[in-house]
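The values are calculated or read from the model by the stated rules, or taken from the named source; none is laboratory data. On a predicted model such as this, the values are computed, not experimentally measured, just so you know. Heads up, the Cβs are rebuilt from the backbone with ideal geometry, glycines too, and the neighbour counts pull from every protein chain shown.
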Amino acid sequence: MGEQVMKNGKKTAFYGMFLALALVAGYVEQLIPVNLGVPGVKLGLANIVTMVLLYTLGARPAAGITAVRILLSGILFGTGFSIVYSAAGAVLSILVMMLLKSTDKFSYIGVSVAGGVFHNAGQILVAILVLETGALVYYLPILIVAGLVAGLIIGFLSGFLIRRLAPVIRQTME
């Protein structure tokens, strides 16, 4: 019984660490005054944590930590609308990344690119519904390119971290 309590405590602390890393990455990204001339475009540094979790511990922890991160980020640094937009993008993104990863036919970069593109697609779909205008669909090509670029960068960084951290993470979670 005591060993199980220790294991659960270690797991909870580890998830807390990943959540903190994702929150800090998202907050730091907000502080960086980068204006690419395209409203709403971000690199998505917190998605590195999602990718690392997806590849080391699986879809459930990745989705769970992402959901809590979006909720806390929205409460701490954003608005109700930012939670809705982020959640829509994240749900679509995570589902696509889980599907592509499960095929074992895509690299870290491929999975990340798809996640970035579908994250932006989810957000634009919600914006179309909320603002009740289909005209926003013309913004989608810009967001697809942004998701592609961000996905490449995040995929590269994630792959680097996954290759180095996966054995340590799995061993710690045993």
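Exactly one residue among Phe118, Phe156, Phe160 is at pLDDT 95 or above and closer than 17 Å to Ala90 by Cα, and that residue is Phe118. Close contacts from the stretch 108-120, counting a first residue that is farther than 15 Å from Lys42 by Cβ and a second that is of a type in the set (Gly, Ala, Ser) and surrounded by fewer than 23 Cβ atoms within 10 Å (Cβ to Cβ), with Cβ to Cβ under 9 Å and a gap of 6+ residues or different chains, come to Tyr108/Gly159; Ile109/Gly159. I need the full set of residues from the stretch 83-107 which are of a type in the set (Ser, Thr, Tyr) and more than 12 Å from the chain's Cα centre (by Cα), in order please. Tyr85, Ser102, Thr103, Ser107 - these are the residues of the stretch 83-107 that are of a type in the set (Ser, Thr, Tyr) and more than 12 Å from the chain's Cα centre (by Cα). Screening Arg60 against (1) buried (at least 16 other Cβ atoms within 10 Å of the Cβ); (2) under 23 Å from Thr172 (Cβ atoms); (3) more than 10 Å from the chain's Cα centre (by Cα) leaves a single unmet condition, (1). Of all the listed residues (Ile65, Ile128), the sole one being within 19 Å of Thr50 (Cβ to Cβ) and either without any contact (Cβ under 8 Å) to a residue 40 or more places away in the chain or within 13 Å of the chain's Cα centre (by Cα) (or both) is Ile65.
For the stretch 76-109, residues that are small (Gly, Ala, Ser) and over 16 Å from Val130 (Cβ atoms) total 4. On the given criteria, is Gly110 surrounded by fewer than 18 Cβ atoms within 10 Å (Cβ to Cβ), touching a helix residue (DSSP H, G or I) at 6+ places or on another chain (Cβ under 9 Å), of a type in the set (Gly, Ala, Ser) and at pLDDT 95 or above? Yes: the conditions hold for Gly110. Scanning the stretch 136-165 for residues that are in contact with a Phe, Trp or Tyr (Cβ under 7 Å, 6 or more places away or on another chain) and aliphatic (A, V, I, L, M) gives a single hit, Ile162.
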